[in-house]
1. Can you compute log10 of I(q)/I(0) for the range 32-187 with the Debye formula, treating each Cα as one identical point scatterer, at q = 0.12 Å⁻¹?
2. In percent, how large is the relative contact order of the range 103-200, given Cα pairs closer than 8 Å and 6 or more residues apart?
3. Report, by chain and number, residues whose modeled amide H sits under 5 Å from the one on G47, excluding near sequence neighbours (fewer than 5 apart, same chain).
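Each reported figure results from applying straightforward, stated rules to the coordinates on display, with no laboratory input. This is a predicted model, so every value here is computed, not measured.
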Amino acid sequence: MLEVPKSTLRSLSSEFAPLPDPRARRDSPDPTGEADAFRNAMRYLAGAVSVVTTGTGEQRTGFTATSVSSLSVEPPTLLVCLNRSSSSWPVLTTHGAFCVNVLSHDHLHVADRFAGRGGAQGTARYEGEQWRQLATGTWVLSSALAAFDCEVEEALDRHSHTILIGRVKAIALRDSAEPLLYWQGAYRLLSNLDRVLTRA
């Protein structure tokens, strides 16, 4: 058995702050800053930036997300987490499909628009870019680094969000592009993480 020296354990324990006791929530929703501590820690989790589109016609909308993950290869499925207070939520429940558009280095303006910066809502978020449709009828960003056109296979409500399991129906890829990343509250490039493109 591997034994860790007590001095090492003491030094490690000093680096990690425990989350507040959840039993302290009795008097207020978040009296000890648990949500703030979690939100700040998640800023250290680097991730690809995607725009999730849903709806058709004048009902088109979407949102910027980093909470996207693959689930299974057989069958091809992925996960997207969506806050049920989002304006995209009622459209997605009606449409029953969505597309994950993985953004490239030249899509910073797309990420900002779908995040609601500048006040763009609904179909206005699609302006200035080329879009097309694949299997589900959801609009796909033509210049996306990768696009996963999905039908909603299952939706699981947990706390403030719903975990969407998407069955991938079509895929589109773009060569010779660099991914747009989100890390420590800013958009960055994989080739130059020290360069902050913009705070997000």
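1. -0.48
2. 22 percent
3. Counting only residues 5 or more places away or on other chains, the set is Y182.
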